[in-house]
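The values are calculated or read from the model by the stated rules, or taken from the named source; none is laboratory data. What you see is a predicted model, and the numbers here were worked out from it, not measured in a lab. Cβ coordinates were reconstructed from backbone atoms using ideal geometry, including for glycine residues, and neighbour counts include every protein chain displayed. Note: areas computed on protein heavy atoms with side chains; ligands, DNA, RNA excluded. Shrake-Rupley method; radii C 1.70, N 1.55, O 1.52, S 1.80 Å.
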Amino acid sequence: MILANAFCLLFFLDETLRSLASPSSLQGPELHGWRPPVDCVRANELCAAESNCSSRYRTLRQCLAGRDRNTMLANKECQAALEVLQESPLYDCRCKRGMKKELQCLQIYWSIHLGLTEGEEFYEASPYEPATSRLSDIFRLASIFSGTGADPAVSARSNHCLDAAKACNLNDNCKKLRSSYISICNREVSPAEPCNRRRCHKALRQFFDRVPREYTYRMLFCSCQDQACAERRRQTILPSCSYEDKEKPNCLDLRGVCRADHLCRSRLADFHANCRASYQTLTSCPADNYQACLGSYAGMIGFDMTPNYVDASPTGIVVSPWCSCRGSGNMEEECEKFLRDFTENPCLRNAIQAFGNGTDVNLSPKNPSFQATQAPRVEKTPSLPDDLSDSTSLGTSIITTCTSIQEQGLKANNSKELSMCFTELTTNIIPGSNKVIKPNSGPCRARPSAALTAVPFLMLKLAL
């Protein structure tokens, strides 16, 4: 009996040491099957240096030319090329917004991923690297200028959007690029053409891409107490040229025009990835990251899908692209769903309100009475409290969110929330990424911490 127990103990210790040394023990980027992404321009260079990858990539581009996915996959050579490229750096590559070769990078990304999708997807994965930083410093700066914590009477009389424009004029780069887009967007081309929309859009993109966010965000997301301030906020992007038109196109048609352009398609996909309302977070934003949502929203300005405030209401924040769902036919439900991602989006609304109030999100709020918008179709969302500060830990976001939900007694979707919390409290997040690995979903070994805890009990049993 003693020999049998000794054998079991030695075998158990051997397995424990193997699991500690195993690359599959969730030690960061070495996780099996996961590769740290590189930008697509660099991935293309790596592929070009390898003859097999280079030839397969050329084959795939020829396969995608003028063919739909089903026709392409019916060709064995095309299918083989796609399978080879899925194992190359091109498959996991991403791009950075505003990078030097952004358009080239996006063209490479979509040349691979358009062949992987089955038809027209409602939500597409973002080709951009995920935003990992937050806006704490900018939120604090916004709180100073918005009057948070100051005399409410003084703050109510202030026009924060006007103050934001004045601050822009004190910065040479902001003043120069703002003056440029104002001049271009207000320049009449002919009596029938009040402005050159294409040039106006380009000037707006340069402004939002090249001017620091502490200036652009203050102009775009300033908080307002009266209609005059809200109208100035609405006029920030010169909507008569950049936004409005004689008639509103159908939203699905507008989406189709946007997806025909690699840049516009990428910015729209990034907006959906970072602003899509989530039931699993306290703020309704993916990973409770306001920065990512605000950045994705600003990134769409200057394209066919340019969004803007629909009216000059100082309190009811509603934004939308210039489109409607008239004439959708049997696609009306899909059209309405697409439009609601702008007009009734609690993540976007909470992010704009939080920035205007100068309050970033903390996943363990001090104020237990805070009620963030949870469902994506809530008519009115309260502002976030002023004493919330930054949280930079992505790995603990879901756990803290679930703890907050349980402590505060949030009632919305009670059974669903609790089941999601139970599931996600038993997951691991790969360092440096947003990928979540469930412990029971792969060929992982027993957790070393649990194994080492059991060793003393086995030693005691052996001694007996």
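Can you run phi through the Karplus equation (6.51, -1.76, 1.60; θ = phi - 60°) for region 293-306 and list ³J(HN,Hα) in whole Hz, with x for Gly and Pro?
Values, residue by residue: 5, 4, x, 5, 5, 4, x, 8, 6, x, 10, 4, 8, 3 Hz.
Could you give the length gained by full extension between A74 and A125, i.e. 0.36 nm per residue of separation minus their alpha carbon distance, to one decimal place?
On the way: separation 51, 0.36 × 51 = 18.36 nm, distance 2.47 nm.
Difference between extended and current length: 15.9 nm.
Could you list the residues of region 321-343 with an amide nitrogen less than 20 Å from a label point located 7 Å from the Cα of E247 in the Cα-to-C-beta direction?
321-332, 335-336
So for E121, E102, E247, what's the accessible-area order with a 1.4 Å probe, most first? Mind showing how you got there, number by number?
Details: E121 70, E102 20, E247 145 Å².
Putting E121, E102, E247 in descending order of accessible area: E247, E121, E102.
For S183 and A260 in the same chain, what is the full-extension length gain: residue separation times 0.36 nm, less their Cα-Cα distance, in nm?
Values: separation 77, 0.36 × 77 = 27.72 nm, distance 2.87 nm.
In short, 24.8 nm is gained.
Determine how large the accessible area of L339 is when every protein chain is in place; take a 1.4 Å probe and give Å² rounded to the nearest 10.
30
Can you compute 3J(HN,Hα) from phi for each residue in region 164-170, using the Karplus curve 6.51 cos²θ - 1.76 cosθ + 1.60 with θ = phi - 60°, rounded to whole Hz and x for Gly and Pro?
5, 5, 5, 5, 4, 5, 7
So what's the net charge close to L177: Lys and Arg +1, Asp and Glu -1, counting the other residues with Cβ under 13 Å from its Cβ? Please list the in-between numbers first.
Values: positive: K175, K176, R178, K202, R205, R210; negative: D172, D209.
Around L177, the charge tally is +4.
What does the charge count around V84 come to, taking other residues whose C-beta lies under 13 Å from its C-beta (Lys +1, Arg +1, Asp -1, Glu -1)? Write out the running numbers ahead of the final one.
Details: positive: R56, R58, K76; negative: E50, E77, E83, E87.
Taking every other residue near V84 into account, the sum is -1.
Arrange the residues K248, K76 by how much accessible surface each exposes, largest first, with a 1.4 angstrom probe.
Details: K248 90, K76 170 Å².
Order by accessible area, largest first: K76, K248.
Tabulate in residue order the Karplus-calculated ³J(HN,Hα) for region 174-185, using 6.51 cos²θ - 1.76 cosθ + 1.60 with θ = phi - 60°, rounded to whole Hz; enter x for Gly and Pro.
5, 4, 5, 6, 5, 4, 5, 6, 5, 5, 5, 6
In nm, to one decimal, how far is the modelled label at S240 from the one at L170, with both set 7 Å along Cα→Cβ?
Simple spin-label model gives 3.0 nm for this pair.
Measuring from label point to label point, each 7 Å out along Cα→Cβ, what is the D209 to E193 span in nm?
About 2.3 nm, to one decimal.
Report the net charge of residues surrounding R199, where surrounding means a beta-carbon distance below 13 angstrom and charges are Lys +1, Arg +1, Asp -1, Glu -1.
+3
Skipping prolines and chain starts, which residues have an amide H placed within reach, meaning under 5 Å, of the one on Y128, given they are 5 or more residues away or on another chain?
The list, which skips near neighbours in sequence, is C95.
Using modelled backbone amide H atoms (1.01 Å from N, in-plane), which distant-in-sequence or interchain residues come within less than 5 Å of N308's amide H?
Amide H neighbours of N308: S320.
Using modelled backbone amide H atoms (1.01 Å from N, in-plane), which distant-in-sequence or interchain residues come within less than 5 Å of D39's amide H?
R94
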